[in-house]
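Accompanying notes for the structure given below.
The values are calculated or read from the model by the stated rules, or taken from the named source; none is laboratory data. For clarity, every value in this text was computed on a predicted model and none was experimentally measured. Note that we place each Cβ from the backbone using ideal geometry, even for glycine, and neighbour counts take in every protein chain shown.
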Amino acid sequence: MGESVHDGAGAAPAGEGAPPILALQGASNAVIQEALRAFADRRRAEGVRVAGAVEEFVAGSAETCLRDLATGRRYRIHQDLGPGSLACRLQGAEIAEACEALRLQIIAGCDLAVLSKFGKLEAARAGLVAAFGAAVETGTPVLTAVSPLFTPQWRAFSGNLSRFAGPEPTALDDWWRALAPAKARPGHRRAG
């Protein structure tokens, strides 16, 4: 994989401005999830309607949850199976419930979808894949993270609709500003 995450791979076709999906790589999951949350907070402060979820660790445990950015609801996505356990820690039912809630929020109308990541489940066409699909279908820009292990599957999934960036606030803000003309285009679905 020797390419930089800033290489623009998967960029939108020429003349179309910024790609509608920005995928973050190049830092730890904790750093990237914080970048997603902070970006969503900045956009909400500007009046942008944000749907989505970010990963958070449950204090005092090894459990992880998805926190819905619109409602604050937490969905347990990993369970603490105790020391030495090698079993899968994913909570399938909670992930499916979170995905459906996010999909419905996106379909109802938002200006931006922030989806915690494209990882193992999404590569298998599960997890949050339906929320990603709803965003593409409605023309909603997406900010997400992609586990480096699943970069080939991401490229196949997103085609020319995405590019990679690091989690630096200026990179995210520059992408958002570059989308402004596309968001104002006739035909861009905006629920009101």
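The lone criterion from (1) at pLDDT 75 or above; (2) surrounded by 14 or more Cβ atoms within 10 Å (Cβ to Cβ); (3) not β-branched (V, I, T) left unmet by G72 is number (2).
A Cβ distance below 8 Å, combined with a sequence gap of six or more or placement on separate chains, defines the contacts here; from region 103-126, residues that are in a helix (DSSP H, G or I) reach residues that are aromatic (F, W, Y) in the pairs K120/F150; E122/F132; E122/F150; E122/F157; A123/F150; A123/W154; A123/F157. Looking only at region 41-53, count how many residues are more than 11 Å from the chain's Cα centre (by Cα) and either in contact (Cβ under 8 Å) with a residue 24 or more places away in the chain or at negative phi (or both). Qualifying residue count for the region: 9. Among the residues of region 50-69, none is identified as surrounded by fewer than 18 Cβ atoms within 10 Å (Cβ to Cβ) and at pLDDT 95 or above. When region 135-152 is filtered for residues that are within 15 Å of L115 (Cβ to Cβ) and surrounded by fewer than 21 Cβ atoms within 10 Å (Cβ to Cβ), the ones remaining, listed by number, are V136, E137, T138, S147, F150. Any residue in region 153-164 that is buried (at least 21 other Cβ atoms within 10 Å of the Cβ), touching a residue at least 60 places away in the same chain (Cβ under 8 Å) and touching a helix residue (DSSP H, G or I) at 6+ places or on another chain (Cβ under 6 Å)? Within region 153-164 (the criterion being buried (at least 21 other Cβ atoms within 10 Å of the Cβ), touching a residue at least 60 places away in the same chain (Cβ under 8 Å) and touching a helix residue (DSSP H, G or I) at 6+ places or on another chain (Cβ under 6 Å)), the answer is no, since none of the residues qualifies. Put simply, of R177, R189 the only residue that is exposed (fewer than 13 other Cβ atoms within 10 Å of the Cβ), closer than 19 Å to V48 by Cβ and at pLDDT below 90 is R189.
Pairs needed: first member in region 17-28, closer than 16 Å to D111 by Cβ; second member anywhere, part of a loop (DSSP other than H, G, I, E, B) and modelled with pLDDT under 95; C-beta distance under 7 Å; at least 6 residues apart or different chains. Pairs that qualify, where the first residue is closer than 16 Å to D111 by Cβ and the partner is part of a loop (DSSP other than H, G, I, E, B) and modelled with pLDDT under 95, are A18/A12.
Take L86 and tell me if it is at pLDDT below 95 and touching a His at 6+ places or on another chain (Cβ under 9 Å). The answer is no for L86. Among the candidates T140, T144, T170, T151, which residue alone is part of a loop (DSSP other than H, G, I, E, B), at pLDDT 95 or above and not hydrophobic (A, V, I, L, M, F, W, C)? Matching residue, one of T140, T144, T170, T151: T140.
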